[in-house]
Every structure is written in C-alpha cells, then in structure tokens.
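A.B. asks: Structure provided below as structure tokens; questions to follow.
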Amino acid sequence: QPYRVGDNKVYLTATIGVAYQSPDVRTPLELIQRADMAMHQAKKLGYNYVLEYEPNMAKRLLTTSSMRSNLQEAIDNDELVLHYQPIVRSNDQQTVQVEALLRWPQADGSYIAPDEFIPVAEMTGQIIPLSEWVFRRACEDAIKLQQREPRLKMSVNISALHFNRA
C-alpha cells in the first residue's frame, strides 16, 4: 500500500540480499559483501525480491570481473570484429541490406558469444565505448560497401541503454 506524504502517494519497494554467518566468513566486511552480492542478484530479478547468498554468486562475480577487463582490452586493442549478415528480399532473392553483428574472437579461433559479453558491457557501462567502436567500424565498412554496392543498406543494433545516456 502507498504512503501519503502531503498530497503525494509514495510507493516503496525493497530488494534484499541475505547472508548468514558461517565458519568460512572471517570478517564482518566479508559478510556484508556476500549480502551485497545477493542484493545485486535480486535486483536483476526485479523489485521486491529477497535472495540469499550462494557460493556460486562469488564465482559469477569473478567471471564477470575477468570478462569486463578482457573486454576493455579487446576494445582498446581493436580485437573485435564485425560480421555482416545479408538480408535477402524474398520475392527475388536479392541481397538488399546487411546487418552488422559484433563478434569477439579468441586466440584459439573460437568466439565469445554476444549473449555472454553484451550483458556484461551493459551492466558495467562498457556498452557506450563498445557501441562507439561498432559505429566507427560499421561506418568505415559502409563507405567501402557503398563503393561496390551503392544500393545496399546497412543496419547496426543498438542497446536500449545507449538511448538513456546523454
């Protein structure tokens, strides 16, 4: 139920992370950090959630931190690539457009899937420099493409978070 503050109705929600004292918790700060990890996971689920700390939360956080660092290096060192997927008109099978798809190649020839690194980029704010990299590269490639195929269009996907920034 809302609270009344003057003429306004105020709706409150709570997202809570819970951590319990256990033998492997050595300091009060570590207990608070575990509760904080659980709270951040609960926030991802929406509002009004209570979530208990689980040991795999710390592993996921380490994985995310590592990916964040590696992604920043990939952006800084120009180690990302764009692949272009053709968009074909169904009635005459003509390619009328290409869609730029971001890919993150690894040294062993494999790729980190976009559904793994894009959420990390959105969560950490790296989506802005990542998007700028994509736009810059797509524009460079579009110039070359226009010289060969003047009627071909290009589309680039944009994160919704990009629109919420100045």
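A.B. asks: Being touching a residue at least 12 places away in the same chain (Cβ under 8 Å), part of a helix (DSSP H, G or I), open to solvent by less than 90 Å² (accessible area, probe 1.4 Å) and in contact with a Pro (Cβ under 8 Å, 6 or more places away or on another chain) is the requirement here; does Ile75 meet it?
C.D. replies: yes
A.B. asks: Working carefully through the options Ala58, Ala100, find the one that is of a type in the set (A, V, I, L, M, F, W, C), open to solvent by less than 50 Å² (accessible area, probe 1.4 Å), within 28 Å of Ala35 (Cβ to Cβ) and touching a helix residue (DSSP H, G or I) at 6+ places or on another chain (Cβ under 8 Å).
C.D. replies: Ala58
Condition check ((1) of a type in the set (A, V, I, L, M); (2) within 27 Å of Gln41 (Cβ to Cβ); (3) in contact with a strand residue (DSSP E or B) (Cβ under 6 Å, 6 or more places away or on another chain)) across all residues:
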residue	(1), (2), (3)
Asn91	no, no, no
Gln94	no, no, no
Glu122	no, yes, no
Glu132	no, no, no
Ile143	yes, no, no
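A.B. asks: A further question follows. Just to be sure, is Leu80 among the aliphatic types (A, V, I, L, M), at pLDDT 85 or above and closer than 21 Å to Thr124 by Cβ?
C.D. replies: The answer is yes for Leu80.
A.B. asks: Hey, another quick one. Restricting the first residue to region 20-44 and requiring it to be without any contact (Cβ under 8 Å) to a residue 40 or more places away in the chain and basic (Lys, Arg), which pairs with a second residue that is surrounded by 12 or more Cβ atoms within 10 Å (Cβ to Cβ) and part of a helix (DSSP H, G or I) meet a Cβ separation below 9 Å and a spacing of at least six or different chains?
C.D. replies: That search, which allows pairs on different chains as well, returns Arg34/Met57; Arg34/Ala58; Lys44/Met123.
A.B. asks: Anything in region 127-166 that is assigned to a loop (DSSP other than H, G, I, E, B) and open to solvent by less than 80 Å² (accessible area, probe 1.4 Å)? List them, or say none.
C.D. replies: Matches in region 127-166: Leu152, Ile158, Ser159.
A.B. asks: Still on this structure, please answer the following. Among the residues of region 15-29 satisfying the criterion of being open to solvent by less than 50 Å² (accessible area, probe 1.4 Å) and over 24 Å from Val120 (Cβ atoms), which is modelled with the highest pLDDT?
C.D. replies: Among residues in region 15-29 that are open to solvent by less than 50 Å² (accessible area, probe 1.4 Å) and over 24 Å from Val120 (Cβ atoms), the one modelled with the highest pLDDT is Val18.
A.B. asks: Among the residues of region 63-72, are any open to solvent by 60 Å² or more (accessible area, probe 1.4 Å), in contact with a helix residue (DSSP H, G or I) (Cβ under 8 Å, 6 or more places away or on another chain) and under 22 Å from Met37 (Cβ atoms)?
C.D. replies: There is at least one residue in region 63-72 that is open to solvent by 60 Å² or more (accessible area, probe 1.4 Å), in contact with a helix residue (DSSP H, G or I) (Cβ under 8 Å, 6 or more places away or on another chain) and under 22 Å from Met37 (Cβ atoms).
A.B. asks: Could you identify the single residue in Gln85, Gln93 that is in contact with an Asp or Glu (Cβ under 7 Å, 6 or more places away or on another chain) and of a type in the set (S, T, N, Q)?
C.D. replies: Going through Gln85, Gln93 in turn, the sole match is Gln85.
A.B. asks: Take region 31-51 and flag every residue that is open to solvent by less than 90 Å² (accessible area, probe 1.4 Å) and either over 11 Å from Ile16 (Cβ atoms) or part of a helix (DSSP H, G or I) (or both).
C.D. replies: Leu31, Arg34, Ala35, Asp36, Met37, Ala38, Met39, Gln41, Ala42, Gly46
A.B. asks: Tell me yes or no: at least one residue of region 11-30 is closer than 17 Å to Ile112 by Cα and either assigned to a helix (DSSP H, G or I) or more than 23 Å from the chain's Cα centre (by Cα) (or both).
C.D. replies: For region 11-30, residues closer than 17 Å to Ile112 by Cα and either assigned to a helix (DSSP H, G or I) or more than 23 Å from the chain's Cα centre (by Cα) (or both): absent.
A.B. asks: Has region 98-119 got any residue that is in a loop (DSSP other than H, G, I, E, B), touching a residue at least 12 places away in the same chain (Cβ under 8 Å) and out of contact with any Pro (no Cβ under 8 Å at 6 or more places or on another chain)?
C.D. replies: Within region 98-119, none of the residues are in a loop (DSSP other than H, G, I, E, B), touching a residue at least 12 places away in the same chain (Cβ under 8 Å) and out of contact with any Pro (no Cβ under 8 Å at 6 or more places or on another chain).
The values are calculated or read from the model by the stated rules, or taken from the named source; none is laboratory data. Worth saying up front: this structure is predicted, and the values here are computed from it rather than measured. Heads up, the Cβs are rebuilt from the backbone with ideal geometry, glycines too, and the neighbour counts pull from every protein chain shown. Areas reflect the complete protein model, heavy atoms only, side chains present, ligands, DNA and RNA absent. Shrake-Rupley method; radii C 1.70, N 1.55, O 1.52, S 1.80 Å.
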